[in-house]
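Below: one structure, written as structure tokens.
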Ligand code: SF4
């Protein structure tokens, strides 16, 4: 079968740096043991498993403060998604050695929120409930950052309509089209709101490529972890903006033959936390399928 290797795809610089930092820490004998990662270093189980082979212990749970409760010694690595100031303070108070792998693009959003709240703004933050990135940003100014996921949340928001200073911003890995709709709802309800688009460049470029190049495919496979927000958003934008069927797969083993039945051209892309080796295996497998043997 013909394969369109959608480009750019895969690892972004924030993920590359976070993984590299974790590997460097794991190899440094002077770093206090045990070494923990607070949550998944990036949202991909294969990456997490690779780091655990180096002796790094992955800690998971509903929120980062409660995860930290069980940690009394050693080193803790903060993930690319960023953490709240409360988490940093708790880790230091527990005497832990802290290593910060927060992506600079996430840090920029934290700084933006801190600066705006210091100027008296209330922040409407578009993000995914339960994802670590909003948790970290909201912790920068408790009570002043109002999380919304969609226009319905904006309609239900209890923020006073007369609030003079309102700013709207967002999680870095959202769909730019979804965010536009939610931002429009914010502007309609709060015309005074200043909008600060914080979708990172890596996410935007991957989404644009998936939509533009995905249009030339009969079906698109997105290689990524189910917990990866940007991978899920790639599936969504291909379905909604390119008008093509799209499926999220963790690896080549999850491809279902019926998805490819009768198809001639398959687009392949991957989330920014997906190791390129997994994507290569998918490309190789699909290329090996003779188009004429695929049942319609
Ligand atoms: S997806 Fe964007 S914000 Fe997230 S790690 Fe990559 S560059 Fe940073």
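The values are calculated or read from the model by the stated rules, or taken from the named source; none is laboratory data. This structure is a prediction, so every number in the text was calculated from the model and none was measured. In this analysis, Cβ positions are derived from the backbone assuming ideal geometry, glycine residues included, and neighbour counts consider all displayed protein chains.
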Problem - Filtered residue count, the range 258-278, keeping only those that are within 16 Å of the ligand (Cβ to nearest atom) and not in a loop (DSSP other than H, G, I, E, B) - result: 3
Fill in the blank from the handout: Taking the range 68-79 and keeping only residues that are surrounded by fewer than 18 Cβ atoms within 10 Å (Cβ to Cβ) and either within 14 Å of the ligand (Cβ to nearest atom) or on the phi < 0 side of the Ramachandran plot (or both), one is left with 69, 70, 72, 73
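Condition check ((1) in contact with a strand residue (DSSP E or B) (Cβ under 6 Å, 6 or more places away or on another chain); (2) at pLDDT below 95) across all residues:
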residue: 222; (1), (2): yes, no
residue: 248; (1), (2): yes, no
residue: 280; (1), (2): no, no
residue: 284; (1), (2): no, no
residue: 287; (1), (2): yes, no
residue: 295; (1), (2): no, yes
Handout entry: Failed item in (1) at negative phi; (2) within 15 Å of the ligand (Cβ to nearest atom); (3) touching a residue at least 24 places away in the same chain (Cβ under 8 Å), with residue 82 passing the rest
Key = (1)
Exercise for the section: Could you pull out the residue among 120, 136 that is out of contact with any strand residue (DSSP E or B) (no Cβ under 7 Å at 6 or more places or on another chain), modelled with pLDDT of 95 or more, within 13 Å of the ligand (Cβ to nearest atom) and not assigned by TED's automatic domain parsing to the domain that holds residue 37? Expected result: 136
Problem - Only one of 167, 155, 185 that is more than 30 Å from residue 261 (Cα to Cα), surrounded by 22 or more Cβ atoms within 10 Å (Cβ to Cβ) and modelled with pLDDT of 95 or more - result: 167
Problem - Residue, farthest from residue 32 (Cα to Cα), within the range 82-96, restricted to residues that are surrounded by 17 or more Cβ atoms within 10 Å (Cβ to Cβ) and in contact with a strand residue (DSSP E or B) (Cβ under 8 Å, 6 or more places away or on another chain) - result: 83
Completion exercise
By residue number, the members of the range 190-213 that are within 11 Å of the ligand (Cβ to nearest atom), within 30 Å of residue 162 (Cβ to Cβ) and touching a residue at least 40 places away in the same chain (Cβ under 8 Å) are 198
